[in-house]
Amino acid sequence: MNWSPSSPDDGVSRRSFLAAGAAGAAVTTSGCIDRVRRVVEQAGDNQLSLSITTLPADADRQNVQIARRLETNLEKVGIDVSLDMRSPSELLKAVLLDHEFDLYIGRHPADYDPDFLYDALHSTFATERGWQNPFGFANMYFDTLLEEQRRLDGEQRKQRLGSVLHGLAQEKPFEPICFPDERRVARTDGFEGWDEGTLPTRHGYLGLEGDGRLHALVTDSRMTGNLNPLSATARERDTTIDLLYDSLLSERNGDLVPWLAESVEWSATPDDDATDEQSDANADGERRTVSITLREDCRFHDGEPLTASDVAFTYRFLEDTSLGRAPESPAPRYRGQVEMVDSVTAEDDRRLTISLRGEKPAGQRALTVPILPKHVWQDLIDQQASDGEFSAPQGRWAAATGDHIPPIGSGPYRFESHSEDEQVVLERYEDHFTLRETVDLGEPVPGGIRFTVDPGSTSSIRRVDDGGADLTASMLNAHSLGAIPDTPNVRQLSSPHRTFYYVGFNVRNAPLSNPHFRRAITQLIDKETIVDEVFYDHATPTATPVTDDWVPATLEWGGEDPVTPFVGSNGRLNVEAAKSAFETAGFRYDDNGRLLGGY
Amino acid sequence: MLAEVLTQVALVIGILLPISVLVFIGRERLVRTRAEWRDRLRTNAPVIAVLLVVLLINRVARQTAPELSRKVGVHLTATFYNVEGEFILLFKSVETPELTAYFASVYVFGYTFLLIFPVIAYFMLSDTRTFRRLLAAYALNYAIGLVLYILIIAYGPRNVMPAELTERMLYDTNPQYQYLTREVNANTNVFPSLHTSLSATVAAFASMTRSAYPKWFPIAVVLAASVAISTMYLGIHWGIDVAAGLVLAAACVVLSDKLVGRWSLSDLFGDRFEGLSDRLPRLRREE
């Protein structure tokens, strides 16, 4: 931890930070045999062994190539490595819910605002199950910065986030590798008006000009069998859920537009507890509140009216899916966003007041979660609880694991039918507010959307070219981009970088609990060569999980990682130098060059 | 897209079969079969039923087995990869577009033909035992294969080494075929290679019947060997899967000899079944 906080006035002394670090990033959870076995092994002179959880090439062609490159280099430095290949939902289950992994390769959905780092890194989530902090990372200094950035705006916030990013580059609970180019292809003869930047969001499917049914291809079949907005394992990104559900605000090309909310008024009230250190007030000692008026006469797809009490219910339910009937069970998604909301008060059917734990930037992000129908989810809990014995293990009980088909939302598209592993058909929701004359927002396609599973990127491109589909809705694999034809009716669509490939570490267990060990591992990753050979240059290497203006100058990519550069050159690992990094971190080698466990 | 590929397969098989019947089976057997087919069908009915039931179970299991497999299965991708490493990359040195096209068509068309033709050829034999043994061996292959697929979860080489295999991966060179294979199998079903075991089964039978069908024997052996190699060349199976396929084939051929003719259905079901199978051809006649 040879880095110093970049802001002198952050209120946390360097000493307390060091103490927090020394206390260990690992969070002690309940004992398990596996861990006991590891500890025993490492006490002896056994070779250190790690597993890398990865996806089959069918699901993500780049993922396994990154994993194998890392595997090769780990073996060169004397570590015994095994690849643990899982299907996409099984990988997420192992990592997010079961925490059964050492290292894994993933593509993080990220978000339009760096506040997603709060969800990913805050220590209160380290023992939870879901997308929140799957690494088990806990560091008091990070917590403070992550909370502060929520209470700030503008330059001050950016500075705090810069400190988080610097800390991240040093501590490495996960290591970002690159931002893949996000490309799709679409036909222009059936539909026009493609807005390439918004295709990962609901806005990509609104305002298209064309009469028929939009036929979109997806490479991932999970959505054909699970449309549960709470599921941790059924998807990385929320695109489909955003078509079926509305949120108060909606992100479009980085800006937030009022969505289910007709008007949003931000105000500040003096906070009584402003002197308290745990205060949620902003820098001026005020508490942010938002007064929201919902659009008139909105209804869920089953005809029930959507009111302010559904909004209040949503935030309460996501915070504790058992609604107080069992030990607290927060949803395995949207965790950081819900945490940002202090209280929701329904004034009447359409008006509500939301009290936030911070400033506008992070507050807005909290208002983008899908609004759920109270009558549907309350029923589900009542049913589950009716047999007397009700337990709701986080992320692993019916509310989060059910397929939730048919889904009842209020979004611009309504579920029509599905056939597992084949397709999902959504029809236009005729009552949606975007169709009103007074509302100036993109309208859903009249004929609805059919999402068909086509397992390959190359075959998907060919199918769109042949006129067999209008759009490749899934992001295309890098290797297939060369197959995009240069024909007049096919357009290539490119969205800005947001999701990133990364290596996640399970910092709960030794030796991965040791940041020096993690740093030595990240120096085995040759990001430049990965981008060149695995992504065919259709990606941008990175040292940090954010893009554009959010990247601090000192963390900008300058041909190599500015903090932990690859040990080697031209794609070749300098084995001796790499090994000495492990030795400096306190690890030993035996005579056969095998890295031994223990310090 | 699936319909397109299916039509293609049907077309190729539809051309190959009549030609092979003329070349390998000959007029004389055709004439005799025309006179005896009802009797043969009656004798063969039970084993045909068994095979159909196994195929039906296979079809149903495609929906339910993955769930069961997730619960009881063992993940072995890493083990296979650790044991044989990059063995199948051996084919890299002989890789050409022509060879890739050959193995791709052998994998899809050659294999289908290899499985269907013997069924016709052995039905044409007066001695029905070979036919019954063949179908029993098919059923055993599928049944044992299904159990192993549930118990062992493993991804094939193409899922582990996509970059090294990219020039000859079936779904890269012929993406349309993935619509077909997706209908038939899940990508975690690689151990054992049923392509190999069924082809080897056919080759073993071709060897046993080479006095009856001398010309078929060398063709079957070459085709079967090509199918086995194609599964590795195309990156679909590990060498271990192919080896296991050969063992499975041997087991099924031996077992079919032990099992066929062991039970008589008329003993088991008595007259009721006799009556039923008597009526079967008569119903046909009335049409």
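With heavy atoms of protein chains only and a 1.4 Å probe, what residues of region B:1-30 have at least 30 Å² less accessible area in the full set of chains than alone?
B:MET1
In degrees between 0 and 90, to the nearest 10, how far off the longest principal axis of chain A does helix A:154-171 point, with axes built from Cα atoms?
Once rounded, one gets 40 degrees.
On average, how many beta carbons from a partner chain sit within 10 Å of the beta carbon of a residue in A:59-67?
Values: counts 3, 1, 5, 2, 1, 6, 5, 0, 1.
Neighbouring Cβ atoms belonging to other protein chains average 3 per residue here.
Enter the accessible area per residue of the protein assembly as shown (Å², integer; probe 1.4 Å; all protein chains in place). Walk me through the intermediate numbers first.
On the way: 36560 Å² over 886 residues.
Roughly 41 Å² per residue, with all protein chains present.
Looking only at other chains, what is the average number of their beta-carbon atoms within 10 angstrom of each beta-carbon in B:80-88? Kindly include the intermediate steps, with their values, before the conclusion.
Working: counts 0, 5, 4, 0, 0, 0, 0, 0, 0.
Other-chain Cβ atoms within 10 Å of each residue's Cβ, averaged: 1.
Could you go through region B:191-197 in sequence order and give the Karplus-derived ³J(HN,Hα) for each residue, using 6.51 cos²θ - 1.76 cosθ + 1.60 with θ = phi - 60°, rounded to whole Hz, and x for Gly and Pro?
With the stated coefficients, region B:191-197 comes to 10, x, 7, 6, 4, 5, 5 Hz.
Work out from phi, with θ = phi - 60° and the Karplus expression 6.51 cos²θ - 1.76 cosθ + 1.60, the ³J(HN,Hα) of each residue of region B:51-62, listed in order in whole Hz, and give x for Gly and Pro.
So the J values, rounded to whole Hz, are 4, 4, 4, 4, 5, 5, 4, 4, 5, 5, 5, 4.
Ignoring ligands, DNA and RNA, how much accessible area is buried between chains A and B, both sides summed, with a 1.4 Å probe, to the nearest 100 Å²? Mind dumping the intermediate values first?
Working: alone 23730 and 15030 Å², together 36560 Å².
Summing both chains' loss of accessible area gives about 2200 Å².
Can you pull the accessible area of B:TYR177 for me, 1.4 Å probe, Å² to the nearest 10?
Solvent-accessible area, nearest 10 Å²: 10 Å².
For an R0 of 22 angstrom, estimate the FRET efficiency from the Cβ-Cβ distance between B:LYS258 and B:LYS215 and round to the nearest 0.05. Can you show the working numbers first?
Details: r = 30 Å, r/R0 = 1.34.
Given R0 = 22 Å and the Cβ-Cβ separation, E is 0.15.
Let me spell out the model: positive unit charges on the Cβ of Lys and Arg, negative unit charges on the Cβ of Asp and Glu, origin at the Cα centre of chain A. What dipole size does that give, in debye rounded to 20?
Magnitude of the dipole: close to 1600 debye.
Give the separation of the Cα centroids, region A:121-136 to region A:284-323, in Å.
So the two Cα centres are separated by 25 Å.
Carbon-plus-sulfur fraction of the accessible area of chain B, 1.4 Å probe, in percent?
Details: 9080 of 13930 Å².
C and S fraction of accessible area: 65 percent.
What is the gain in length, in nm to one decimal, between B:ALA186 and B:LEU17 on full extension, counting 0.36 nm per residue of separation less the C-alpha to C-alpha distance? Numbers along the way, then the final one.
On the way: separation 169, 0.36 × 169 = 60.84 nm, distance 2.87 nm.
So the chain would gain 58.0 nm between B:ALA186 and B:LEU17.
Pop out the ³J(HN,Hα) list for region A:97-104 in order, Karplus 6.51 cos²θ - 1.76 cosθ + 1.60 with θ = phi - 60°, rounded to Hz; leave Gly and Pro as x.
Computed from phi, the couplings for region A:97-104 are 9, 8, 6, 9, 6, 9, 10, 9 Hz.
Amide H of A:VAL185: which non-local residues (sequence gap of 5 or more, or other chain) have their own amide H closer than 5 Å, using H built in the peptide plane?
A:THR472, A:LEU493
What is the mean number of Cβ atoms from other protein chains located within 10 Å of the Cβ atom of each residue in peptide A:450-463, rounded to a whole number? Spell out each step's value before the answer.
Working: counts 0, 0, 1, 1, 5, 7, 7, 2, 5, 9, 1, 1, 3, 3.
Mean partner shielding for this stretch: 3.
Name the residues of region B:135-162 whose accessible area, probed at 1.4 Å, falls by at least 20 Å² once all protein chains are in place instead of their chain on its own?
B:TYR155, B:ARG158, B:ASN159, B:VAL160, B:PRO162
Can you compute the helix-only [θ] at 222 nm over chain B? Use -39500 (n - 2.57) per DSSP H run of at least 4 residues, normalise by all residues, nearest 500 deg cm²/dmol. Can you show the working numbers first?
Working: 15 runs with 213 residues, N = 287.
Calculated at 222 nm, the ellipticity per residue is -24000 deg cm²/dmol.
Cross-link list A:LYS172/A:LYS374; A:LYS527/A:LYS579; A:LYS76/A:LYS172: which exceed 31 angstrom alpha carbon to alpha carbon?
On the way: A:LYS172/A:LYS374 40 Å; A:LYS527/A:LYS579 19 Å; A:LYS76/A:LYS172 22 Å.
Table pairs above 31 Å Cα-Cα are A:LYS172/A:LYS374.
In chain A, carbon and sulfur make up what percent of the accessible area (probe 1.4 Å)? Before the final figure, lay out each step's value.
Details: 9580 of 22630 Å².
Carbon and sulfur atoms account for 42 percent of the accessible area of chain A.
What lysines sit close enough to A:LYS360 to cross-link, taking a C-alpha to C-alpha distance under 22 Å and skipping anything fewer than 8 places away on the same chain?
Partners within reach: A:LYS158.
Please provide three numbers in whole Å: the alpha-carbon extents of the protein assembly as shown along the principal axes, with the largest listed first.
103, 74, 62
Using the Cα centre of region B:2-286 as the reference point, and only Cβ charges (+1 on K/R, -1 on D/E), how large is the resulting charge dipole? Debye, rounded to the nearest 20. Don't jump to the answer; show the numbers that get you there.
Working: 27 positive and 21 negative charges, 230 e Å.
Dipole size: approximately 1100 debye.
I'd like the distance separating the alpha-carbon centroids of region A:339-392 and region A:407-427, in whole Å.
When both Cα centres are located, 24 Å separates them.
Compute the distance from the alpha-carbon center of region B:61-99 to that of region A:177-223, in whole Å.
33
Nearest 500 deg cm²/dmol is fine: what mean residue ellipticity at 222 nm does chain A get from its DSSP H runs of n ≥ 4 alone, each adding -39,500 (n - 2.57), divided by its residue count?
On the way: 17 runs with 157 residues, N = 599.
It comes out at -7500 deg cm²/dmol, rounded to the nearest 500.
Would you work out which of B:GLY156, B:ALA139, B:PHE123 lies farthest towards the positive end of the dipole of region B:2-286, given +1 charges on the beta-carbon of Lys and Arg and -1 on that of Asp and Glu, about the Cα centre?
Farthest along the dipole direction, towards plus: B:PHE123.
The values are calculated or read from the model by the stated rules, or taken from the named source; none is laboratory data. Everything numeric here is computed off the predicted structure, so don't read it as measured data. Heads up, the Cβs are rebuilt from the backbone with ideal geometry, glycines too, and the neighbour counts pull from every protein chain shown. Each accessible area value is taken on the protein alone, full model and side chains, heavy atoms only, with ligands, DNA and RNA left out. Shrake-Rupley method; radii C 1.70, N 1.55, O 1.52, S 1.80 Å.
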